[in-house]
Every structure is written in C-alpha cells, then in structure tokens.
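Only one structure is covered here, and it is reproduced in the block below.
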C-alpha cells in the first residue's frame, strides 16, 4: 500500500528507478530533491521486488535481504535507528524474506516458513507483536501462524493462510479487521465467516479479498461506497461486492477499489472526486462501474501498476488522477511500475 506522490520502476537489470516527491529521500538517490523524470536508486543493488509506504520505500533482493530508504521517524526502515535515509540501508538481523510489503508508517515481511515480521509505527498494534511499542528492527508477529501472503493497510495489517482464512491486526475504527468489532488488536484475529480467499488486499481503511470463484468481498470504511455493496455503511465483517462479476484481480486504493476480469476489463467503485474510477465522471459509486475506453489491462494494483498488452495504446482516462503507463515503459525495459497515489 502506498500513499505519497512518488513512483518506482524495476527494470530488467533488477535496478530500481524512482521519480516524484523526495522530501524525505524516498527516491533513494542520495538527495532530497524532487524529480520529474526517473533517477536510479543509488548503490550496486540488484532487487527482485519493490514496495513503498508513506514516504518510505522497501526493496527485496534474491538472497532475501530487505533494504529501505526514506522517512524513518518511527523506525520503519528497520535499520535499528530513527534516522531518515536518502539511500538504501539494510534491514537489520539475519533474515531471509520471500515477500515485503508496506503500511502507512510500518513495514512487513514474510519468510518461507510462513512467519511474518514487522517494524515501524505501532500505536494501534499494527506490528502484531502484542504491544503498541514502535520498533526499529523486525519483530515476529505473535502466534503459531504460517501465512502465505501479507498485506499492509494504513495503520493495520492483513495476512492470509494456505487454507484461505484471513487474519488481521491493528487499527479497527471502521471494522477494517473484519472480526465483527471495532476494537483495535495488537495480535492477529480471524476475519469472521466461513470464507476461503485466494488473495487479500488493504486500502486506507477498508479491506478486500477475492475467492477462487471470482467473487470479491470487502469490509471496513465505506463512506464513499468503496466496499461495493451498494451502500455507504461501514462493515465489520465481509460483504459481497454486488453484481454478477467474476474477477481475477482486485486492489484497494485510498477510498476506492479496483478489480480486473479475465477479459482485461477493469471495474471500479468508491470515491471519484478526481476521476479515479475512470468512468468519465466524478460521481462516487457504491457498486462496480466499468472503466471507459476498453483499456486492455493484464495487471493492476493500488499504485496503478498498469501493464498493457503489447501494442495497446490506451488514453489516460478522464484526467491525470487515473495514472496509466503505456508501451514506452515496456520499451524502456521496465518490468514493474508503481505509481503511489
């Protein structure tokens, strides 16, 4: 999950490029000057995964080490300090991770054994270590859990097990933990209901999950209709996104949601103040609407990582708030583009 005005791309040589806001050194180019074109993250690094939080960035190498840079007031860089960094520093400890993900001011990583480790801001228990103490180095999420996927929300965290159950911890003011309460949790609690999910995603204060049958379920804040259940009522347990839809991918934005079908069409719902739903309007929607223009997408995510089928030349939908990246990125050799809204 990312919520700042910086963007990242991983090229075919496993180098990270960045552009946009750089107030806290989150571009990783050893400066704090904003850039309107890509600059290389410094150091002789070879990364296989990138993620970005609120003014901080994370990247993982093939050897499992995680590196971080940017804002660090809460220890979210994991280098055993609270010093902001404008170039990558190693997350401390003899760790080997297979997945890395960000929250608002906290960071998460998963190991091959299914354990999840966290660091950074913890006032709502979003680190899951049964405390509300900030951590500047990785701590183990408590409980005998083995997860296959981890995801960061704003001030909360989500993780999925191989059996399809989803667990959550942290801020719960709008029911975003899905445990049928609005009580913050500092250790994992089970999302209620007899559900088996294949993917879970976090927005700002709402959560989404997809089942193998293509249905999408959502819970948490719903003031803009971002749960897609044809209402604006917050939910503390999963509700079905309305309509006879079968999706292959789902993502959560700040207060809107996106989902993609196998035919490449993208459907959106929630806040639309800036045209972020791409339906040629600025009207909030509480049920899925089709993104106009017939854009043939093969991937999407919260950062608007839009990987077009080769040869497609779609237009930016409605206005610049719909961040679309086209064939030039592919021709430049980028294999992953993340635009943080």
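The values are calculated or read from the model by the stated rules, or taken from the named source; none is laboratory data. For clarity, every value in this text was computed on a predicted model and none was experimentally measured. A quick note on method: Cβ atoms are made from the backbone with ideal geometry, for glycine too, and the neighbour counts reach across all protein chains shown.
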Among the residues of the stretch 26-66, which ones are in a loop (DSSP other than H, G, I, E, B), touching a strand residue (DSSP E or B) at 6+ places or on another chain (Cβ under 8 Å) and under 24 Å from residue 94 (Cα atoms)? 28, 41, 42, 43, 45, 46, 53, 62, 64, 65
Residues (surrounded by 17 or more Cβ atoms within 10 Å (Cβ to Cβ) and out of contact with any strand residue (DSSP E or B) (no Cβ under 6 Å at 6 or more places or on another chain)) located in the stretch 223-236: 234, 236
Which one of these is closer than 16 Å to residue 230 by Cβ, under 17 Å from the mean Cα position of the chain (by Cα) and at pLDDT 95 or above: 283, 268? 268
Which residue is surrounded by the fewest Cβ atoms within 10 Å (Cβ to Cβ), if the candidates are limited to the stretch 197-215 and must be assigned to a loop (DSSP other than H, G, I, E, B) and under 19 Å from the mean Cα position of the chain (by Cα)? 198
Given the structure, is residue 148 part of a strand (DSSP E or B) and without any contact (Cβ under 8 Å) to a residue 40 or more places away in the chain? yes
Identify all residues within the stretch 151-168 that are more than 17 Å from residue 217 (Cα to Cα), in a strand (DSSP E or B) and over 16 Å from the mean Cα position of the chain (by Cα); write none if there are none. none
Which ones in the stretch 63-84 are more than 21 Å from the chain's Cα centre (by Cα) and in contact (Cβ under 8 Å) with a residue 60 or more places away in the chain? 84
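Residues that are modelled with pLDDT under 95, over 24 Å from residue 97 (Cβ atoms) and crowded, with 17+ Cβ neighbours inside 10 Å: does the stretch 179-187 have at least one?
Of the stretch 179-187, the ones modelled with pLDDT under 95 are none.
No, the conditions are met nowhere in the stretch 179-187.
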Condition (residue is at pLDDT below 95 and in a loop (DSSP other than H, G, I, E, B)) applied to the stretch 100-109: is it met by at least one residue? yes
Determine if the stretch 177-196 includes at least one residue that is touching a strand residue (DSSP E or B) at 6+ places or on another chain (Cβ under 7 Å), assigned to a strand (DSSP E or B) and on the phi > 0 side of the Ramachandran plot. no
Kindly establish whether residue 258 is within 12 Å of residue 209 (Cα to Cα), part of a loop (DSSP other than H, G, I, E, B), in contact with a strand residue (DSSP E or B) (Cβ under 9 Å, 6 or more places away or on another chain) and modelled with pLDDT of 95 or more. no
Note on the stretch 261-291: residues touching a residue at least 60 places away in the same chain (Cβ under 8 Å) and either part of a strand (DSSP E or B) or surrounded by 20 or more Cβ atoms within 10 Å (Cβ to Cβ) (or both) are 276, 285, 286, 287, 288
